[in-house]
Every structure is written in C-alpha cells, then in structure tokens.
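Taking it in order: structure first as structure tokens, then the write-up.
The values are calculated or read from the model by the stated rules, or taken from the named source; none is laboratory data. Here the structure is a predicted model, which is why all the values come from computation and not from measurement. Using ideal geometry, Cβ is built from the backbone for each residue, glycine included, and neighbour counts are taken over all protein chains shown. All accessible areas refer to the heavy atoms of the entire protein, side chains included, with ligands and DNA or RNA removed. Shrake-Rupley method; radii C 1.70, N 1.55, O 1.52, S 1.80 Å.
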Amino acid sequence: MCGVVAVIGKAEASSLVIEGLKKLEYRGYDSAGIASLDKKKLQVLKSEGKLTNLVNQFDLLISKKSYNDTEIAIGHTRWATHGNVSIENAHPLTSDNKVAVVHNGIIENYASLKKTLISEGYVFSSVTDTEVIPHLFTKYIKQGNDFLESGKLVLKVIKGAFAFIAISVDFPDQLFVSRNSSPIAIGIGDKCNFIGSDAQSIAHLTKRIIYLEDGDYALVKNETLDIFDAQSNIVDRQIIHVNSDIGLINKGGYKHFMKKEMFEQPSIIPQTIGSLFNEDQSININLDKLGFTNKSSLTICAAGTSFYAALIGKYWIEQIADIPVLVDLASEYRYRKPSVFGQTSILVISQSGESLDTLMALRYGKELGLTTTAIVNVTGSTIDREADYSLHTKAGPEIAVASTKSFTSQLIVLFLIAVSLGKKFNNIDANKVNKIKQYLNMLPLALANMLKLEDQIIALSQQIKNSKSVIFLGRGYMYPLALEAALKLKEISYIHAEGFAAGEMKHGPIALIEDGLPVIMFIISDGYEDKSISNLQEAHSRGAKVIVIGDEACLKKASFAEIKIKIPDIDDEFKSLLSPILMAIPAQLLAYHVSRERGTDIDQPRNLAKSVTVE
Ligand code: F6R
C-alpha cells in the first residue's frame, strides 16, 4: 500500500526520506518519488518500479550536482489505485511547480473537485485522485491564506480515507500533514521532525513517536509541531517511545523474508503462548473485557489470511467452548445490517492493525453497541489503539507480504480464547486444560519437525510449478486451511488456486477436474478421514493428480494418491486439535517453493500490499 515519509530540519533530508521509503518497501508499491525544496525551487524525482530506480536517478543527479539535498523533503511509494503505473501518476503530485503532495488513501470526491478545478484553469498532468490536493493548496494560497489555513480549507472539501503531506515553495520551513483513516506517525527529533506511514519507517531517525488520530492535522516545522483535532482544537497527543530494534529489520541470512518468517515460527510461537499465561499458569485473557461476563455468541471479522484464522477460531470456539461464532469478511460486515441479537462482542483480527476494512468493521461493531476486541501483531497500530481490549500476537515484524508467522500466532490466541471460554462456561474440565497446556509446550518442537518436510515439499513444488491451476481440499479444521493454502499459493506464485471443503466437490467444483490437475489434501486422523479420502477418490477417478499430506494412517488409506508426504508422528489428540497450526507449515512451504521455482517476487508479489489501507 502507498507509504509516505517526510523530513524537516535535518541535513540531507532527501537521502533520509529515501532510507525511510526503503523501510516501507515491504508494504508493496509499483512506483516511487521524492520532492524537496531548494530555496524557492521545487525539486521532484520519480521512477516506476523498484526503489533502486529512484536511488540510481538520485545518486546520478547528486554526483552531477544537479540536485541539492536540503533540509526538507517528502517521499512516497505508490501502490496504484486511480490510474496505471506511470511517472505521471507517481507521487509527489505537484501544482504550479510550487506545491508537492504525497498521499496514501483515496479521495472519494476527486472527480467533482477536479471538474471544478479544471473549469478554474488548473491543468492536470495525472489521472490520480491525489492531484486535486496540490491544486487546491495552490488555489487557497493564491487567495492569500497561509499554509496552515490552506490545509484546513483543503480538508474541508476533500472526502475519503487519506493521509497526506504537503510542501510549498511559499512556506519553505513548513510541512502540512493530515490523517483521516490512513495511518500517520510523527517522529520528534532535536530541532527536526519526521513523518512516516508507520513508526518503523522513521525509527532510524527517532524513537519518540506520536500517532495522529483520525481527523487530526498538523503543521510541522523544525522546532515546533502544532497538532489540531477534527474540530480544529489544538491538541496534545501522547509521545510513545518505540523499541530500539523496530528499525532493525533484516533477512537473517535467508534469501527471502518469507523464508525467515516461516522458519522463525518454532521460536516465536512460544512468545505468544507465554504472553497468554500468568505466572500461576492461569490463562491471561480477560473474558470480561472480551465481553463474556455471560455466555453469548461472538462475531469475528477480518480479511485475507486473518479471515481464515477467524474461520479456524470459529471451529475451535464452538467445539471447545460451545459458543456460537459468526465469521464475517470485514469488507462485507460493514456494508450490511448484521443482527447483533444475543451478542455482546465483536473480535477483529489483523496482523498490521491497519487494514481499513477491518478497522471499519471494528468501528461499526462499536456503533452497534458491541464490546470490541482485537488480535493484532503491531502494537500501537490504529486497530490496537481503537479496540476496547487487545490481545497481541508476539510474532515480531512481518515483512513478507504473505502472512506466515502472524497467521500461526493468531491461531494460538484464538485457540486460547476457546480454551479460556470453555473453562469459564464449564465445557471442558481442569484435566483437559492441563492436557492442552502440555500440547502447547510440545508445539514448538512439533513445528520444527514439520519444517523438516522442506525437502519433500521442494520435490512436490517441482511437480506442480507448471500447473495452470491447483485445488486444495480439506474437511473440518483442514477446510479453512485449504482456503489459506490456496490464497498463499496464488498470491506469490500467481498460479490459480482454490480451496474447497472436501464434501463440497460433488456439488459443483468437481466439474473442474481434468487430467493431471493437482488436487492437494491436508489430512490427519480426526475421525472423519475416511469421508475425506472418498472425496479424494472421486477426484482421482476423474484424472486428478492426487497429492496427500497427512499422517501415516491416512496415507495408507489414500494409497491411490500419486504423491504422499507423511508428517512426523505426533500424539493423536494433539495432532487433531492443533492440526491447523501444524499443517500451516507445509502449506506455507509449498507456496514458497513453487514461487521460488517459478522465479516470482516472493516478498513483494505483484499488485499486493502488506498493509491494505484502502477499501
Ligand atoms: C495473505 C495476507 C493478506 C492479509 C490481509 C489482512 O498472505 O497477508 O491476505 O492477511 O490483507 O491483513 P491484516 O491481517 O494486516 O489485517
């Protein structure tokens, strides 16, 4: 998703902005640009594709002394929404060679604003929604307003979800920044200030961060920072001290962040588990805060991989706690009239804590009178701050676009919510809870053993790397996992992939089966395996290339499968209860290795963003 960065009051501001943009690369982008003020001159540089293109251009101009790296600069990584990927549409967008703006989000009423501005003589050089902002600034500055007043007038007329930063040659010592739904962090320095889409992008410059709240805008100078709320009252926002290691992100010797993050799972999962237990071994989840003083039903909303975690959470909470759970896509929930009959709470799940759809679902839940809880990975993110109660996954920064370690960490939290509710409402006894604790202790080693399947998964990847399409099947807990496996494969390998409930095949999708189509099933002995295997048999009879990843007993039953991968031997009940966490590993490894074989951009797949801050 688009990222913005700005620096004021520090030498070589453009270079520092570029460093910040590098830290936002993981969010996904397809062009980049910077703008700075050199006395009364606006300097603008843009490039399509990777940031290295911009850096090369910048270095060349610096070496020729054709670009002056001054003390004020803004920068942007663009993830195209309105208008294709081109230099014209890349940010910063300018007006009159005097104002430059970088923007994350969408200006919903840009078409009517653009029409008016064109009738007033403004010339548009891009097809973006953003370009109305610099032209509006020019218009208000020409009317005699100062920079702050002009910014206020701009905010009065634009509608949508946005975070933008503006500079103007007429106010060379000022930045105007505004936030409405899209995140903005301001970093406080010594006689200098910084702005970024997240704290990580400016953590190399300062550890003192202020998060703007929705509707806030600010005038930022070297030594002053004036923040206003939506009603234009001057406000103080809390300064948060971010971790000193937040900016230290590296691949730790792995070729890709995704691989590093997959292999971190055995060591980071205990951190999430540990944070959810008190010293006396009781579960550290406050069910009153979760809205469960009494038994009622629960809605869970999320997007993408977090949505599939929610589906698995539903299966656990219903099985372990006998509590009805409704799972909704965040982008759907907020645009329909959900019934809250018998409900007291909504749970949202988000790795980034910034997905706009999920944030809006949380706000909508609040409007409907529900207690809001969030499972988030990024502490201090908007969803974390706005939820009544937060449960943090301790996965650490996840950089690869494809979620891996945050997914399994979300599952841990959901599993312990289920256990906690089951205990409170007497659906499980103390013995069972103790057993579950033992299983959780066994989990890191079990995950490490699952990662040892890598060589077999590489061999499998070579078999399916040229397939046009892949189908994943699963029943019970393995059904949402089949959906997740398909999402993972399609998003990074670009192979068309779909997940289906095994029993659903005969109701339609079986028509897709043709000779050689890979049909992959994750399966463990859970009491329903015979049913799943007969579904697989149906695909086999129609020519599918059947692949089974499962325990020994299941592999024996599915002897007709063309490829069989046996998972390590594990206690039956443990395996059955925690199967989605265990089986997530081969699903992730498969997506990774198919993509590696195909040579795609694994960490930053095309068209995708890590933090989806638009609708
Ligand atoms: C897939 C993936 C996405 C995210 C989705 C929600 O690997 O990462 O589908 O899960 O965009 O993001 P968060 O969890 O940040 O709200």
Please calculate how many Å² of accessible area the stretch 523-600 carries per residue, with a 1.4 Å probe and no DNA, RNA or ligand atoms counted.
35 Å²
Relative to the chain, whose Cα atoms define the longest principal axis, helix 132-142 and its Cα axis are tilted in degrees, nearest 10, by 20 degrees
Nearest-10 value in Å² for the accessible area of His241, using the 1.4 Å probe:
130 Å²
In square angstrom, rounded to the nearest 10, how much accessible surface does Thr81 have for a 1.4 Å probe?
60 Å²
For the stretch 28-78, which trypsin sites (Lys or Arg not before Pro) are in a loop by DSSP, counting at most 13 other Cβ atoms within 10 Å?
Lys39, Lys40, Lys64, Lys65
Would you mind telling me the share, in percent, of accessible area of the stretch 1-143 contributed by carbon and sulfur at probe 1.4 angstrom?
52 percent
Can you give the angle from 0 to 90° between the axis of helix 356-367 and the longest principal axis of the chain, with both taken from C-alpha atoms, to the nearest 10?
80 degrees
Asserting the computed 222 nm helical MRE of the chain (DSSP H runs at least 4 long, -39500 (n - 2.57) per run, divided by residue count, to nearest 500) equals -11000 deg cm²/dmol
What is the percent carbon and sulfur in the accessible area of the stretch 246-330, measuring with a 1.4 Å probe over the protein chains and ignoring ligands?
50 percent
Where the stretch 251-450 is the region considered: accessible area per residue in Å², 1.4 Å probe:
37 Å²
List Leu93, Leu61, ordered by accessible area with a 1.4 Å probe, largest first
Leu61, Leu93
Which of the GluC sites (Glu not before Pro) found in the stretch 266-346 are loop residues per DSSP with 15 or fewer other Cβ atoms within 10 Å of their Cβ?
Glu279
How far is helix 304-316 tilted, in degrees, relative to the longest principal axis of the Cα atoms in the chain, given as a value from 0 to 90 rounded to the nearest 10?
40 degrees
Ignoring ligands, DNA and RNA, how do Phe176, Phe124 rank by accessible area with a 1.4 Å probe, largest first?
Phe124, Phe176
Order the following by accessible area, largest value first: Arg336, Arg179. Probe radius 1.4 Å; ligands, DNA and RNA are ignored.
Arg336, Arg179
Gain on full stretching of the segment that runs from Lys366 to Val235 - 0.36 nm per residue minus C-alpha separation
44.7 nm
Links that overshoot a 18 Å alpha carbon limit, given the list Lys191/Lys221; Lys490/Lys566; Lys488/Lys564; Lys41/Lys191
Lys490/Lys566; Lys488/Lys564; Lys41/Lys191
FRET E, pair Lys115, His507, Förster distance 56 Å, beta-carbon r, rounded to 0.05
0.70
Net charge dipole size for the stretch 3-241 [Lys, Arg +1 and Asp, Glu -1 on Cβ; Debye, nearest 20]:
320 debye
Taking the Cβ-Cβ separation of Asp572 and Thr293 as r and a Förster radius of 45 Å, what is the calculated FRET efficiency to the nearest 0.05?
0.80
Which whole-number percent is the relative contact order of the chain (Cα, under 8 Å, 6+ apart)?
12 percent
The stretch 3-241 accessible area per residue, 1.4 Å probe, protein heavy atoms, integer Å², reads 38 Å²
So, with points 7 Å from each Cα along the Cβ direction, the Ser469-Phe425 label distance in nm works out to 4.0 nm
Summarise the accessible area of the stretch 452-615 (1.4 Å probe, protein heavy atoms) by the percent that is carbon and sulfur.
47 percent
Can you give the accessible area of Ile495 in Å² (nearest 10), computed on protein heavy atoms with a 1.4 Å probe?
0 Å²
